[in-house]
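All of the numbers you see were taken from the coordinates with simple rules; none came from a lab. Because the structure is predicted, anything quoted here is derived from the model rather than measured. Because the Cβ atoms are built from the backbone with ideal geometry, glycine has one as well, and the counts that use them run over all protein chains shown.
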Amino acid sequence: MAVKREGVPQIRVLKSPSPDMLMLANNCLLISTGMLTTLDTEEELYAILSREVAHYVLDHGMITVNKNIARARRAEFWGAVMDGVVAATEEYLTERYDYYVPGLIYVTNDVVQALVNDNIMNRMGLDYSAQQEREADRVAMAFMDLMGKNKEALVSALTKINTYYERQRDAVALSKYGIYGSLSKRLEKLGEAPVLEEDRNYLKKNSGVVSFEAAMLDYNKDYKESRRLAMKNIDNGMACSDDYLMVARSIMKLSNTPEANKECMSYLDKADEVAKVTNLNICKMRILLLLRENKQMDAVDLLHQYQSLLDAMFQQPHSEEDAQWIAAEHTWAEKLLDRTYIM
């Protein structure tokens, strides 16, 4: 029997590429940007939300906590909690995400995995049993049916999550924690994933998250995944300049052939075409491509243009951090010019 819950649930979005969602016992729902970009329809998101809430209202967390307490010495167990497992998680999320400045630090899968480890999962009661997982699946599908939603969207969503972790070769994620525990076996019983109708509205709303995620993966040197995500926006006709730039960067990082360089330049041309403002990163990549193709004089001309763009940026209102970046880029351009002239 479900217990009446007090308070209004809060949602926090974690900036992490792995598709994660957890409902904590303090009414806080954690969802990663990776979950938003892995799913393709609002009904899929609705379905995953439903099964996490199902765990919550069915008291699976409290039941599991009590089982875990029985396995440990009571004082040791609660001492660890009072030492700040939950509090530290809340503080970490607040400091790391609520005041996060895009472009300064990107968060990798390791962040979610650091929060969702054996110690924390045991104490939060989120290490659900296979039976609890199946029960949450059934309740979520029944709720979807009741609300007039396509209950098969849950199968579609779980399949995409499973595919992500198989692509990452993350066997640990598929054997533990929340929706991942025994996921492959559950999918066998749930049946083949349906082909859902395209949800252009959801894809459009999430296109910015996809672009951010692609940039985050590029920053972490996961160029294949960065390209895959950026291409998702391009294929859906919702790409911004940065999406084309991320594809160009991935090509440049993964290959150095005349064909790859030509393809890379074509994506930079498209990025320039779509850009609403001057993008210095596009200019910088063109310089590197020209040097790669031994077109030194063209690269020199573009380096001078790059320096002019930096000077123009410096004339605009800017922060101290911007000033430091501009100075560093000027130094980079000067050194490259010296090397190019020598060549």
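Numbers for the structure displayed
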item: Selected from 314, 297, 229, residue furthest toward positive end of dipole (region 210-342; charges at beta carbon); result: 229
item: Exceeding the 31 Å Cα-Cα cut-off - candidates 160/284; 15/185; 205/335; 189/253; 160/276; result: 160/284; 205/335; 189/253; 160/276
item: Computed E for residue 269/residue 308 - FRET, C-beta separation, R0 22 angstrom, nearest 0.05; result: 0.60
item: Label point distance in nm, residue 169-residue 228, each placed 7 Å from Cα along Cα→Cβ; result: 1.3
item: Shape call, region 210-343: gyration tensor on alpha carbons, a/c limit 1.5; result: oblate
item: Whole-Å distance, taken between Cα centres, linking region 182-220 and region 238-278; result: 24
item: Simple label model, 7 Å out from Cα along Cβ direction - residue 301 to residue 335, nm; result: 2.7
item: Contour minus Cα-Cα distance for residue 200 and residue 323 (0.36 nm per residue); result: 40.2 nm
item: Karplus (6.51, -1.76, 1.60) ³J(HN,Hα), θ = phi - 60°, over region 147-161, in Hz, Gly and Pro reported as x; result: 8, x, 9, 6, 5, 5, 4, 5, 4, 4, 5, 5, 5, 5, 5
